[in-house]
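No lab work stands behind these numbers, since they all come straight from the coordinates. What you see is a predicted model; the values in this text were computed from it and never measured. FYI the Cβ positions are ideal-geometry reconstructions off the backbone, even for glycines, and counts take in every protein chain you see.
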Amino acid sequence: MMDFQYGYLLNLIVYLPLAGALVMMAFINKENSTALKTWATLVAGIDFVISVPLWFLYKPDGAEFQFATIKEWIPSVGVQYIFGVDGFAVLLILLTTLLGFIAVYCSFTAITERQKEYYVFLLLLQTGMLGVFCSLDFILFYVFWEVMLVPMYFLIGVWGGPRRLYAAIKFFLYTLVGSVLMLVGILTLYWFNANGLAAIGLEGLGNEPTFSVVHLFTIAGQIPPEVQFWVFLAFFVGFAIKVPMFPFHTWLPDAHVEAPTAGSVILAAVLLKMGTYGFIRFSLPLLPHATIKAVGWVALLSIIAIVYGALVAMAQKDMKKLVAYSSVSHMGFVMLGMFALNDAGLRGSILQMLNHGVSTGALFLLVGIVYERRHNRMIAEYGGLAKVMPLYATFFMIITMSSIGLPTLNGFIGEFTILIGVYNHSWVWALFAASGIVLGAAYMLWMYQRVFFGELSNEKNKDLPDLNRREQWTLIPLVVIAFWIGLYPKPFFERMAPTVDRVLERVAVAMPEQAPTAAEQVAEIAHAPAGEETGERGE
Amino acid sequence: MTLEQFVPFLPEIVLATAGFIVLLLGIPLGRGGVRQLSIFGVASLMVTGVLVWLFGRPADGPALILGDMLVIDNFAVFFKLLFLAAGAVAIFMAAGFLERFGYGGGEYVSLILFATVGMFVMASGASLASLYVGLELMALSVYVLVGYFKLEIKSNEGAVKYFVLGAASSAILLYGISLVYGSLGTLDLQQIRDSLTSVPTSNPMLVLGMVLVCFGMLFKVAAVPFHVWTPDAYEGAPTPVTAFISVAPKAAAFAMFMRLFFGAFASGIDHWRVVLWVASAATMIYGNVAALTQDNVKRMLAYSSIAHGGYVLMGLVAFNQTGAWAILMYILVYAFMNFGAFGFVILLESKGYAGEVIGDYAGLARRHPGAALGMLVFMLALAGIPPTAGFMGKLYIFSAAIEGGYVLLTVIAVIMSAVSLYYYFRIVVQMYLYEGDEEGAEPAEYLRDRWAEVMIAICIVITMLIGVWPAPVVGWAKTAASALGVM
């Protein structure tokens, strides 16, 4: 189940940014801006470079978790230090290290105050995020999950926009409430494994108290449905807030709008993925009964998120807010594909996670670039920008196309695969999902039109400089990946395939006796949103 | 009774003697000798620590001494060492503070030592009588400490409130003890335990006795609805005293609580469990919610301390092995993080005593990055955010409650600990997100005091170390709790 070869690699990747941050705190003078930037870039860059081997060394036909490390941490309560990744986590780690580097690199001119603290927090955040994707022990996972909140809080709170205090504490409290409830779920699972199994007559299956996820996978089938239900609910709150799913999404627009560019990029590209990662890694395989029971409700919420997010995005006057609401819509897609609980849906869901990271990350970068020049994000302030900033307009075009799912670009592959999976489950869902794509195209293209075409009416925009070399290089990697996934997604699918197969296998444990009722429920509930949606659109 | 029986009692004897010596030395030294007396006091605490380590852990299990009045076991050792550490930190943190405000050190140090003796007896009492005597010795010393700034009206007010309510609660406790004695005919904890297993526990006099003892103890740990004295006493007391009473006497009260309810009254659990459940939930909710609106840092930390008492009570409600050692772990962790936080409050009290509001911390990160970072660590720890010790403490308490099946209580606790983040972060917001030069801002001056800084540094190191590597402390707490013989 676990392969310990190259186990040091993950540790290196996770703790390098932490070490970099500590060195920076101790040795680099806060006035020396060049040294700070160089060091941060170097650390984030090296971190990306050393994470690249994961792509090549990962064996899709090998053990479930590779590059593993197991050490005792708190032996008397069964907490272990377990690192290990599967293909799914490898992809997210690469996304994180790449965007972590870009986040540092894009902040050179945007951040002029308290630079030392800024880069220290960015690097600490990097360690937290990477740790979440590597941890296979619940307590370890939880530690990284929460550690990450602190630097993000400061990034929004110190370097954010005018309402930064409100946005930062809202982000922190929302996520914290979710994660503490998740902790209750974790502890319930832990005690069920330690004491509960014996109580239901399954002694000897795993009474060693442990927080090891790998071990808990093996008892997943034995957990009684009512226990699963409550644990699922606890996990659901934690992960759904992070995704964020409707109606837990209200922190997101605030946090995104107020955060500095790099903060928004990381938030959109990586932090939101933690919610969906949590679902795929923990909720689905550990709680199959509850998952199948929840399909209808999750699908309902996802569909609401898709349509509602898109409609709200369309009404936005602020570019950043528009992109933020588009995230709600896109993450709804990811959730819908995931809870189709079939091969195509889950693959598409995972791929769409990466796509969203790439394209929304890039969109926030792009919005940040004009914001830095004009200190204004209102769409109405712009118009005809294509004339003064042709290069910028080109990049923006490509990313817009990637976001709305134009063939040859990444978004298309992800959305198409999700649609196949969703259609297999229910054509009603597919109908709503497809309408979300249409709306997505509408608000993105409409924004593009208003910002880049038409008369260059605003005097202030007349001599905006086009992208400089550094700004181009923050975007080029993302554009390359967008085309790569769009034209040749096979390597990505290959790497996620083992994860998808295993998750489905584990969910299938609960299928036989549950399948007919679940399908009925789904059919029943899938009709419910129909009424609400039309009502909403009628408004 | 032979002289040998007094050997395990040596720590208490040494400590009490040292207390008297300090008291006597304080007279000629007057206001000048704070530092010397502090060093003497801490040295005596260290000597006591060595004695506790040598004689406190009999090789052949728990031993009863002095006519079965005191028990010598690992549980007592755990708490005694904790009290000694708390006493030492309280003495060293106070030195600069007392000098600044022109008060002498003799009475302060000796009262801390006497209170520590009282707490020793509370942690190792094997009879209701000795427990009560220990409690009163501790309480009387602490009343005086709260009123130590005799020229400050607030200090007097706090002391009087604390004394009146404390005396009343002692009376309730004593009445409960007498009812228990009346129904069972013994004060010995072991005998109470044995007779409770054979006698039906539904005797109303006995039940009333147990519940009254429970109320008395709830008062001592400042649980809702017996908490009303806490904010005033904490705010009025000189800050090092606040730090001390929010940690050590509370820990001692919990030690006594555990001796009584995990030991003597264990079979009567059906009668007191629901009381504690309600008290725990109410304490967490009230403490955290009331802290949200406090502008005075000391008062806010007082409410936060009430709330933390509620978390610890969860371990008692859970009533299992995990709960027992989780309480020890939590108290240990809480002691260091709370002392650390109060340490910074002491160093930032530049505008006179008990006068600082949260806004005074504005821009601290700019002017004193080290202090702000330290305070941040303690705020995160108090809120229970990993990788600090605060998280490790909460984790085990919550784990114990879940094991006991108290999911609703745990959900209340986790939600409340998320709420607590808001008020702890009000301080962080001031330190990091404000510059301190806004209109109307009067940032507090940071007063250098080497001794207090060293103590804070120790607290930071321990808080982070337990957060990252809790295994040794967990092991120690487990051993100590197993001496209690729960289940």
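Counting DSSP beta bridges with both partners in the protein assembly as shown, what percentage is antiparallel, nearest 5?
Details: 15 of 16 bridges.
Of all bridge pairs located within the protein assembly as shown, approximately 95 percent are antiparallel.
Counting only other chains, what is the mean number of Cβ atoms within 10 angstrom of the Cβ of each residue in peptide A:67-80? Provide the component values of the computation, followed by the final result.
Values: counts 0, 0, 0, 0, 0, 1, 4, 10, 3, 9, 10, 0, 5, 0.
Mean shielding count: 3.
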Exercise. Length gain on complete extension for the stretch A:R373 to A:A35, per 0.36 nm per residue less the alpha carbon to alpha carbon distance?
Worked result: 119.2 nm
Seminar exercise, completed: The long-range amide H neighbours of B:V224, using H built 1.01 Å from N in the peptide plane and a cut-off of under 5 Å, are B:T283
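Expected output is a single nm value to one decimal: the length gained when fully extending between A:A508 and A:Y15, i.e. 0.36 nm times separation in residues minus the C-alpha distance. What is it? Mind showing how you got there, number by number?
Working: separation 493, 0.36 × 493 = 177.48 nm, distance 3.67 nm.
173.8 nm is the gain from fully extending A:A508 to A:Y15.
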Exercise. Which angle from 0 to 90°, rounded to the nearest 10, does the C-alpha axis of helix B:106-124 make with the longest principal axis of chain B?
Worked result: 30 degrees
Exercise. When only Cα pairs under 8 Å and 6 or more residues apart are kept, what is the percent relative contact order across segment B:305-450?
Worked result: 38 percent
Exercise. If you take all C-alpha pairs in segment B:271-315, what percent of them are over 16 Å apart?
Worked result: 35 percent
For this session: Could you pull the Cα extents of segment B:357-487 along its three principal axes, largest to smallest, in whole Å?
Result: 59, 35, 20
Exercise. Using Cα atoms only, what is the angle between the long axis of helix A:511-538 and the major principal axis of chain A, expressed in degrees (0 to 90) to the nearest 10?
Worked result: 30 degrees
Problem set entry | Loop sites in segment B:333-408: trypsin sites (Lys or Arg not before Pro), DSSP, at most 14 other Cβ within 10 Å | B:K351
For this session: Report, ordered by chain and residue number, the lysines lying within cross-link reach of B:K351, taken as a straight Cα distance under 24 Å and ignoring same-chain residues fewer than 8 apart.
Result: B:K150, B:K154, B:K298
Problem set entry | Sequence-distant residues sharing a close amide H with B:L70 (under 5 Å, placed H) | B:I65, B:A126
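Which whole-number percent is the relative contact order of segment A:1-132 (Cα, under 8 Å, 6+ apart)? Kindly include the intermediate steps, with their values, before the conclusion.
On the way: 169 pairs, mean separation 52.1, N = 132.
After rounding, I find 39 percent.
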Problem set entry | Sparsely packed GluC sites (Glu not before Pro) within segment A:1-91, loop by DSSP, other Cβ within 10 Å at most 12 | A:E31
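Test of understanding: what is the full-extension gain from B:M464 to B:T293, defined as 0.36 nm times their sequence separation minus their Cα-Cα distance? Present the calculation step by step, with values, prior to reporting the outcome.
Working: separation 171, 0.36 × 171 = 61.56 nm, distance 2.86 nm.
My answer for the length gained is 58.7 nm.
Just tell me how shielded B:416-423 is by partners: mean number of partner chain Cβ atoms within 10 Å of each residue's Cβ, no decimals.
Values: counts 1, 4, 10, 3, 1, 8, 4, 0.
Mean partner-chain Cβ count within 10 Å for B:416-423: 4.
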Problem set entry | Cα-based helix-to-principal-axis angle, B:204-220 vs chain B, degrees rounded to 10 | 20 degrees
Exercise. Antiparallel DSSP bridges in chain A: what percent, to the nearest 5?
Worked result: 90 percent
Exercise. Along each of its three principal axes, how wide is the spread of alpha-carbon positions in the protein assembly as shown, in whole angstrom units, largest first?
Worked result: 95, 65, 55
Exercise. Tell me, what ³J(HN,Hα) does each residue in segment A:371-376 have, in order and in whole Hz, if you take phi through Karplus 6.51 cos²θ - 1.76 cosθ + 1.60 with θ = phi - 60° and put x for Gly and Pro?
Worked result: 4, 5, 7, 10, 6, 7
For this session: Quick one: grab the alpha carbon gyration tensor of chain A, order the square roots of its eigenvalues as a ≥ b ≥ c, and give me rounded if a/c is under 1.5, else prolate or oblate depending on whether a/b is larger than b/c.
Result: oblate
Problem set entry | Rg and Dmax [Cα atoms of segment A:175-283; Å; Rg one decimal, Dmax integer] | 16.7, 55
Problem set entry | Among the listed pairs A:K320/A:K460; A:K293/B:K394; A:K242/A:K490, those beyond 25 Å (Cα-Cα) | A:K293/B:K394; A:K242/A:K490
For this session: Sum up the charges of everything whose Cβ sits under 15 Å from the Cβ of A:G78, counting Lys and Arg as +1 and Asp and Glu as -1, but leave A:G78 out.
Result: -2
Exercise. Taking the Cα-to-Cβ direction at B:L54 and at B:V164 and moving 7 Å from each Cα, how far apart do the two end points lie in nm?
Worked result: 4.8 nm
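Find the relative contact order for chain B and round it to a whole percent, using C-alpha pairs within less than 8 Å whose residues are 6+ positions apart. Spell out each step's value before the answer.
Working: 880 pairs, mean separation 74.9, N = 487.
After rounding, I find 15 percent.
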For this session: For a quick protection proxy, order the peptides B:371-381, B:178-188, B:409-419, B:114-124 by their average other-Cβ count within 10 Å, most packed first.
Result: B:114-124, B:371-381, B:409-419, B:178-188
For this session: Mark the label point 7 Å from the Cα of B:E445 along Cα→Cβ and return the residues of segment B:345-389 whose backbone N is within less than 14 Å of it.
Result: B:347-353
Problem set entry | Compactness of segment A:102-210, expressed as Rg and Dmax over alpha-carbon positions, Å | 19.2, 64
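Summarise the partner chain shielding of A:175-184 as one whole number: the mean count of Cβ atoms from other chains within 10 Å of each residue's Cβ. All intermediate terms of the calculation are to be shown ahead of the outcome.
Numbers: counts 1, 11, 6, 1, 3, 12, 5, 1, 10, 10.
For peptide A:175-184, the averaged partner shielding equals 6.
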Seminar exercise, completed: Stokes-Einstein, Kirkwood over Cα pairs, segment B:121-257, 37 °C, 0.692 mPa s; D in µm²/s equals 212 µm²/s
Seminar exercise, completed: Each label sits 7 Å from Cα toward the beta-carbon; between B:V47 and A:D463 the label points are separated, in nm, by 8.3 nm
Problem set entry | FRET efficiency, 1/(1 + (r/R0)^6) with R0 45 Å, evaluated for B:Q36 and B:L3 via beta carbons | 0.85
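Restricting to DSSP loop positions (anything but H, G, I, E, B) with no more than 14 other Cβ atoms inside 10 Å of their own Cβ, which trypsin sites (Lys or Arg not before Pro) remain in segment A:255-331? Intermediate values should be presented prior to the final figure.
Working: sites: A:K273, A:R281, A:K293, A:K317, A:K320, A:K321; in loops: A:K317.
When the trypsin sites (Lys or Arg not before Pro) of segment A:255-331 are filtered for loop state and at most 14 Cβ neighbours within 10 Å, A:K317 remain.
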Seminar exercise, completed: Both in Å, the radius of gyration and Dmax of the C-alpha trace of segment B:209-273 are 13.4, 42
Seminar exercise, completed: Using the Cα gyration tensor of segment B:205-346, the equivalent ellipsoid's semi-axes, largest first and to the nearest Å, work out to 26, 15, 13
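Please report the orientation-averaged projected area of segment A:1-89, defined via the convex hull of its C-alpha atoms, in nm². Can you show the working numbers first?
Working: hull surface 29.5 nm².
Hull-based average projected area comes out at 7.4 nm².
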Problem set entry | Extent along principal axes [Cα atoms of chain B; Å; largest to smallest] | 70, 55, 41
For this session: Can you pull the one-decimal nm distance between simple spin-label points at B:R366 and A:V388, each 7 Å off the Cα toward Cβ?
Result: 3.3 nm
For this session: Specify, per residue and in Å³, the volume enclosed by the convex hull of the alpha carbon atoms belonging to segment A:314-446.
Result: 88 Å³
Exercise. Can you give the net charge of the other residues whose Cβ lies under 14 Å from the Cβ of A:A103, counting K and R as +1 and D and E as -1?
Worked result: 0
Problem set entry | Pairwise centroid distance, computed over Cα atoms, of segment B:153-176 with segment A:344-416, Å | 67 Å
